[in-house]
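Inspection log for the structure reproduced underneath, given as structure tokens.
The values are calculated or read from the model by the stated rules, or taken from the named source; none is laboratory data. For clarity, every value in this text was computed on a predicted model and none was experimentally measured. As a convention, Cβ positions derive from the backbone with ideal geometry for all residues, glycine included, and neighbour counts pool all protein chains shown. Note: accessible area is taken over every heavy atom of the protein model, side chains too, but ligands, DNA and RNA are not part of it. Shrake-Rupley method; radii C 1.70, N 1.55, O 1.52, S 1.80 Å.
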Amino acid sequence: MDRDSEPMIKAAAATPALARSGQGHGALASADVAVVIVNYNSGPHLRMCLQALGRQTRSPRRVIVVDNASTDDSLTGASASYANVEILHAGRNLGFAGGNNLAIRSLDNCRYVALVNADAYVEPDWLERLLDAAMRRPDCDFFSCRLLSATEPTRLDGTGDVYHVSGRAWRRDWGQPATASSSSTPTLGACAAAALYKREALIAIDCFDEDYFCFYEDVDLSFRLQLTGHRGLYVAEAIARHVGSASTVRQSDFCVYYGHRNLVWTYVKNMPGPLFWLYLPQHLALNLATVLWFALRGRGRLILRAKWDALRGLRGAWSKRRSIQARRTASIASIRLLLARGLLTPYFGP
């Protein structure tokens with residue numbers, strides 16, 4: 001289906017889920033929130049994800065599954081897993097970025113959008129904790145949660161995203177004990193596996209960059225939000241368990257190609273003013289080291305294709321950079337404080 005075609009929406013029931021709590025008394029209403037799940041061949045993970053959403057102490061107004069032309073049975077039983085789920089058929093695989101955008105741009109009646117991966121299982125008070133944080137911190141516009149590893153629940157899968165001045169990004173506290181990072185703190189980025197955003201903030205920066213398709217799209221989104229003065233907060237009390245790479249294989253050709261292509265575009269588009277030139281040598285060194293590392297492991301052709309396609313897309317990325325930097329309201333100093341530094345950090349980090 002062409003992107004201009006009208007997507008088909010199927011609702012399992014006409015009446016949206018009503019909030020169980022939070023109506024009035026200073027609390028944000030759950031009816032202000034829509035949950036979006038992008039699905040592509042997620043198998044039983046999607047049903048488990050929906051079942052977890054059905055146990056929320058504060059129910060969202062809508063739960064929308066954007067199906068990117070799955071060829072498995074992942075949609076089977078979705079309605080039984082969450083009574084009022086809506087299935088939005090994209091008609092083709094739009095990737096994580098395009099799939100989320102399709103839903104976000106249609107949600108003009110919701111103040112907040114919660115993004116949840118099909119392989120992320122949120123705890124019963126996950127949404128309530130995030131909404132409470134949003135009420136306490138109206139100065140913040142997006143909220144990251146405590147991600148636990150679903151396969152190793154005593155370990156963290158992340159507490160927000162870290163962006164290094166070289167252009168490499170990773171999940172903060174990945175692999176650390178689950179009890180670490182127990183305090184809510186500012187964060188540069190939210191891992192979109194389970195996060196809450198003010199919809200108006202997403203619309204203001206044109207949502208996800210659909211040229212990314214997959215990988216680094218949430219890092220790029222968070223960076224652009226920060227550049228326009230939108231702040232992020234890690235909410236330690238909001239917990240989700242994340243499988244990770246459920247529909248892709250970690251370090252597969254797919255992951256390596258898109259991750260290392262999009263790494264370049266994220267730096268080019270977003271690193272502001274003098275910081276771009278100051279840290280460009282580190283960015284170039286990281287890319288060279290990456291090529292050598294993969295080449296020594298027999299994957300040279302793959303990484304060279306990723307970097308070659310990144311270079312081919314530089315004209316478009318630079319055009320986007322002009323628009324992004326023209327809208328920047330955050331100071332250079334404030335952005336620099338959010339970035340991880342250290343010459344060896346990107347090579348020995350997670």
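Worth a mention:
- For segment 66-82, the set of residues classified as of a type in the set (A, V, I, L, M) and over 26 Å from Asn101 (Cβ atoms) consists of Ala80 only.
- Checking Leu304 against (1) touching a helix residue (DSSP H, G or I) at 6+ places or on another chain (Cβ under 9 Å); (2) under 18 Å from Arg341 (Cβ atoms); (3) not small (Gly, Ala, Ser), the condition it does not meet: (2)
- Per the conditions (1) within 21 Å of Val35 (Cβ to Cβ); (2) in contact with a helix residue (DSSP H, G or I) (Cβ under 9 Å, 6 or more places away or on another chain), the sole criterion not satisfied by Asp211 is (1).
- Taking the conditions (1) under 13 Å from Lys269 (Cα atoms); (2) in a loop (DSSP other than H, G, I, E, B) in turn, Arg224 satisfies each one other than (2).
- All conditions but one from (1) open to solvent by 20 Å² or more (accessible area, probe 1.4 Å); (2) touching a residue at least 40 places away in the same chain (Cβ under 8 Å); (3) farther than 24 Å from Met135 by Cβ; (4) of a type outside the set (Phe, Trp, Tyr) apply to Ile239; the one that does not is (3).
- Extreme residue, nearest to Val291 (Cα to Cα), among residues of segment 200-217 that are in contact with a Leu (Cβ under 8 Å, 6 or more places away or on another chain) and open to solvent by less than 40 Å² (accessible area, probe 1.4 Å): Tyr216
- Here the condition is being touching a His at 6+ places or on another chain (Cβ under 7 Å) and more than 14 Å from Ala195 (Cβ to Cβ); of Ser106, Ser166, it holds for Ser166 alone.
- Lone qualifier among Leu225, Leu275, Leu233 - being over 17 Å from Asp161 (Cα atoms) and not aromatic (Phe, Trp, Tyr): Leu275
- Among the residues of segment 310-350, those that are open to solvent by 80 Å² or more (accessible area, probe 1.4 Å) and farther than 17 Å from Phe223 by Cβ comprise Leu311, Arg312, Arg315, Leu343, Leu344, Tyr347, Phe348.
- Of all residues in segment 183-219, those that are touching a strand residue (DSSP E or B) at 6+ places or on another chain (Cβ under 9 Å) and charged (D, E, K, R) total 4.
Here's the yes/no breakdown for (1) surrounded by fewer than 17 Cβ atoms within 10 Å (Cβ to Cβ); (2) farther than 20 Å from Tyr197 by Cβ; (3) at pLDDT 65 or above:
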residue	(1), (2), (3)
Met1	yes, yes, no
Arg20	yes, yes, no
Tyr40	no, yes, yes
Pro60	no, no, yes
Asp72	yes, yes, yes
Ala78	no, yes, yes
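- Among the residues of segment 205-261, the ones that are modelled with pLDDT of 95 or more, at negative phi and among the hydroxyl-bearing types (Ser, Thr, Tyr) come to 6 in all.
- Residues satisfying the stated conditions in segment 293-309, i.e. open to solvent by 40 Å² or more (accessible area, probe 1.4 Å) and in a helix (DSSP H, G or I): Trp293, Ala295, Leu296, Arg301, Leu304, Arg305, Trp308
- Checked against (1) among the polar types (S, T, N, Q); (2) under 30 Å from Thr228 (Cα atoms); (3) in a helix (DSSP H, G or I), Thr329 meets all criteria but (3).
- Test: residue in segment 276-288 that is among the small types (Gly, Ala, Ser), assigned to a helix (DSSP H, G or I) and open to solvent by less than 20 Å² (accessible area, probe 1.4 Å): no
- Residues located in segment 42-58, provided they are open to solvent by 40 Å² or more (accessible area, probe 1.4 Å) and of a type outside the set (Ser, Thr, Tyr): Pro44, His45, Arg47, Met48, Gln51, Arg55
- Test result for Ala180, among the small types (Gly, Ala, Ser) and within 21 Å of Ile37 (Cβ to Cβ): no
- Restricting segment 117-163 to residues that are of a type in the set (Ser, Thr, Tyr) and open to solvent by 60 Å² or more (accessible area, probe 1.4 Å), the residue that is nearest to Thr266 (Cα to Cα): Thr151
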